[in-house]
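First comes the structure, then the notes that go with it.
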Amino acid sequence: MADIPSYIKLADQDIYHEELSQTLQQNFGNNGVVIPSLTNAQLTVDIVSDPFGNQAPNTLANLMPNGSLWYVTDHAPPVLVAKINNVLVQLQTAAYP
């Protein structure tokens, strides 16, 4: 859900820990969770490497597990999309409150 910085073994890890802390604070917590924003092509067409290292490169939609959630920005209007039972579904929304 967030771009967690990669751990690189260096003599001084202060920068890594600072970046990790900042990323976690900005994307997770009592203020809510930031859902990753991407385009339909980034989700269903573009080839990516398996972020877990278990499968050959494929689309993000195919690689991610059930329960994954995205904010698709190029849909009109933008929508939340989830992967449920290996199928992408658009979540229905209504004005809040």
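Couple of notes before you dig in:
- Selection within the stretch 54-67 - loosely packed, with under 13 Cβ neighbours inside 10 Å and touching a Phe, Trp or Tyr at 6+ places or on another chain (Cβ under 9 Å): PRO65
- If you filter the stretch 68-97 down to residues that are in contact (Cβ under 8 Å) with a residue 12 or more places away in the chain and farther than 18 Å from SER37 by Cβ, you find that the one that is surrounded by the most Cβ atoms within 10 Å (Cβ to Cβ) is ILE84.
- All positions within the stretch 19-71 that are touching an Asp or Glu at 6+ places or on another chain (Cβ under 6 Å) and among the polar types (S, T, N, Q): THR39, ASN40
- Restricting the stretch 21-58 to residues that are polar (S, T, N, Q) and within 18 Å of LEU80 (Cα to Cα) leaves a set whose member that is modelled with the lowest pLDDT is ASN27.
- Selection over the stretch 38-84 of residues that are within 26 Å of ALA94 (Cα to Cα) and part of a helix (DSSP H, G or I) gives a count of 6.
The values are calculated or read from the model by the stated rules, or taken from the named source; none is laboratory data. The model shown is predicted, which means the values in this text are computed figures rather than measured ones. Cβ sites come from the backbone with ideal geometry, for glycine too, and all protein chains shown count toward neighbours.
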